[in-house]
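Since the structure comes first, as structure tokens, the remarks are kept for the end.
The values are calculated or read from the model by the stated rules, or taken from the named source; none is laboratory data. Every value quoted in this text rests on a predicted model; they were computed, and no experiment measured them. Using ideal geometry, Cβ is built from the backbone for each residue, glycine included, and neighbour counts are taken over all protein chains shown. The accessibility values were calculated without ligands, DNA or RNA, using every heavy atom of the protein model including side chains. Shrake-Rupley method; radii C 1.70, N 1.55, O 1.52, S 1.80 Å.
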Amino acid sequence: MIELEGVPELIDPVMVAAFEGWNDAGDAASTAVAHLDREWKGEVFAALDAEDYYDFQVNRPTVWLDGGVRKVTWPTTRLSVVRVGGEKPRDLVLVRGIEPSMRWRSFCNEILGFAHELGVELVVVLGALLGDTPHTRPVPVSGVTSDADLAQRMDLEETKYEGPTGIVGILQEACTHAGVPAVSLWAAVPHYVSQPPNPKATLALLNRLEDLIDVRIPLGELPEDARAWQVGVDQLAAEDSEVAEYVQTLEEARDTAELPEASGEAIAREFERYLRRRDGSGPGGSGGHATADGSDSTPYLRDNPGGRTKPPKPPKPEADDEDSSSSEE
């Protein structure tokens, strides 16, 4: 039985979770939850026992000095609560940690135990994967669920993915089997510049979360950090003609694929977000990251003793294949 002494009765609570590691390209998802915790001054009320879920040779503890006294911080998953004020106040239960090394089913059951005791109405798990997306365009964020009714009600995709999965996928399925509504939000991080931080992807996840749960999230310096990040990547790409050509190819593919989606509905959605902000003004693991096809990948544009690794030059389509390749994108 989970005892939650000192935690007040929550208002319309939503659980928001993110885990460092394979599900967290560019540290975008874990940074998003850390941002919520920092901006709303979350209070940690529980931590999972690290001995139960982590291999300390994979995720090592750290030693630090506190007034001359040596202390140890163990890798684990912690839960905190924040209250979002405004006209419609609600509480968020923030879950932030590292993808566990073992006993995933017990790990998920323990988190769901907290969700049940706290009366959580919805679980939102944030993730980030590596994809063929240009850094110069808005970060794609997909919202998926295993619940067909929830997908229709919240304008989400019903997941059809098959392949390797991480703790994000396992937790979502555990929620589904337990009858707890659950959604995963996935940001696509450019695979050729995947090293953290990626404030642009973090910002995109927070914007999508804001729309999903209908709260206004203070963004602080994050928008400026995202702009500075893009300028920095622009400069890196400009130094290498092959990288610049590759980015241009991704841009053309992205623009062609999204042309039909430049609808009045999308424009209206962005305008509504702008109005909300104006009215309210007065905000990894070692072993690669998830990719769109479920495989592991390593970053590009990372300096190393052997020089900078370049992305593979995309094959030029044959004349007969141009139309079909565009439609597949």
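Against the numbered list (1) under 19 Å from residue 120 (Cα atoms); (2) surrounded by 14 or more Cβ atoms within 10 Å (Cβ to Cβ), residue 26 comes up short only at (1). None of 150, 126 is open to solvent by less than 50 Å² (accessible area, probe 1.4 Å) and either among the polar types (S, T, N, Q) or out of contact with any Ser or Thr (no Cβ under 9 Å at 6 or more places or on another chain) (or both) except 150.
Only one entry of 44, 58, 63, 69 meets the criterion of being open to solvent by 70 Å² or more (accessible area, probe 1.4 Å), closer than 30 Å to residue 223 by Cα and of a type in the set (Val, Ile, Thr), and that entry is 44. Residues that are modelled with pLDDT under 90, part of a helix (DSSP H, G or I) and more than 22 Å from residue 22 (Cα to Cα): does region 201-213 have at least one? No, region 201-213 contains no residue that is modelled with pLDDT under 90, part of a helix (DSSP H, G or I) and more than 22 Å from residue 22 (Cα to Cα).
If the condition is being at positive phi and at pLDDT 95 or above, then region 27-56 contributes only 27.
When the strands (runs of 3 or more DSSP E) confined to region 50-160 are screened for residues that are charged (D, E, K, R), those reaching at least 1 such residues are found at 62-66, 69-73, 78-84, 90-98.
Entry remark, region 214-230: residues being open to solvent by 80 Å² or more (accessible area, probe 1.4 Å) and in a helix (DSSP H, G or I) number 2 in total.
Looking across region 153-200, the residues that are farther than 17 Å from residue 123 by Cα and surrounded by fewer than 21 Cβ atoms within 10 Å (Cβ to Cβ) come down to 160, 161, 162, 163, 164, 165, 195, 196, 197. So residue 261 fits all but one of (1) more than 15 Å from residue 193 (Cα to Cα); (2) of a type in the set (Asp, Glu); (3) modelled with pLDDT of 60 or more; (4) open to solvent by 80 Å² or more (accessible area, probe 1.4 Å); what number is the exception? Result: residue 261 passes all but (3). Here is a check on your reading of the model: is residue 159 among the hydroxyl-bearing types (Ser, Thr, Tyr) and either closer than 15 Å to residue 17 by Cβ or in contact with a Gly (Cβ under 7 Å, 6 or more places away or on another chain) (or both)? Taking the combined requirement at face value, the residue does not satisfy it.
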